[in-house]
Amino acid sequence: MIVSMKAALAALLLVGAGGVAVVATRGGDTEQAAVRTMPLSITSTNGAHAFTVEIAKTAAEQERGLMYRTDLKPDGGMIFWPYPAGGGAPRDAAFWMKNTPSPLDIVYIRPDGTIARIAENTVPFSETPIPSGEPVGAVLEIMGGRAAALGIAEGDRVTWAGGPKG
């Protein structure tokens with residue numbers, strides 16, 4: 001696979017800044033998709049739990065989410081922030097599992113950074129909406145079963161750079 005010098009330089013700069021670069025090919029053409037990551041912590045009654053999560057900030061990134069992915073790590077995930085994309089007032093959210101082959105825990109986060117709801121071990125490929133139950137400012141997706149395994153519960157606090165200070 002041949003990567004243009006410009007794409008390779010951009011990938012190198014991104015990795016140096018703490019992000020991850022992914023280079024993909026489609027029909028012989030090379031394109032670069034940057035995946036931004038950041039640390040995130042959930043504080044529960046049994047301590048703090050550290051994750052490194054991808055950031056879904058734009059409407060397109062939030063629409064794609066973790067579709068087609070089978071490479072989730074126990075300490076990985078994806079934060080949909082701000083939610084809704086582009087900012088604005090918190091709103092009710094409804095996520096689904098369309099084209100998502102692995103079960104997820106979907107963590108709905110209030111504007112103050114506390115967990116409003118956890119939809120545990122969601123059903124892969126399901127198109128049934130999974131509602132937040134109240135307006136949220138962010139949504140976190142982690143590997144299915146991780147919330148229960150770590151003792152993460154509704155009301156726990158989620159923190160990340162630039163997130164709610166609550």
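Using the Karplus relation 6.51 cos²θ - 1.76 cosθ + 1.60 with θ = phi - 60°, the per-residue 3J(HN,Hα) values for the stretch 48-56 come to 9, 10, 9, 10, 10, 10, 6, 10, 9 Hz, with x marking Gly and Pro.
Per residue, the convex hull spanned by the Cα atoms of the stretch 77-166 measures out at 88 cubic angstrom.
Average projection, convex hull of the Cα set of the stretch 34-88: 4.6 square nanometres.
When the GluC sites (Glu not before Pro) in the stretch 57-166 are filtered for DSSP coil states and for at most 16 other beta-carbon atoms within 10 Å of their beta-carbon, the remaining sites are Glu120, Glu127, Glu154.
As a size descriptor, the averaged projected area of the C-alpha convex hull of the stretch 112-158 was calculated at 3.5 nm².
Could you tell me which of rounded, prolate or oblate describes the stretch 95-136, using a ≥ b ≥ c as the square roots of the eigenvalues of the alpha-carbon gyration tensor, with rounded for a/c under 1.5 and, failing that, prolate when a/b is larger than b/c and oblate otherwise? Verdict is prolate for the stretch 95-136. Taking the centroid of alpha carbons for each part, the stretch 38-88 and the stretch 118-135 are 15 Å apart.
Read-outs: derived from the displayed coordinates by stated rules, not from any lab. Note that this is a predicted model, so its numbers are computed, not measured. Don't worry about glycine lacking a Cβ; one is built from the backbone with ideal geometry, like all the others, and counts go over all protein chains shown.
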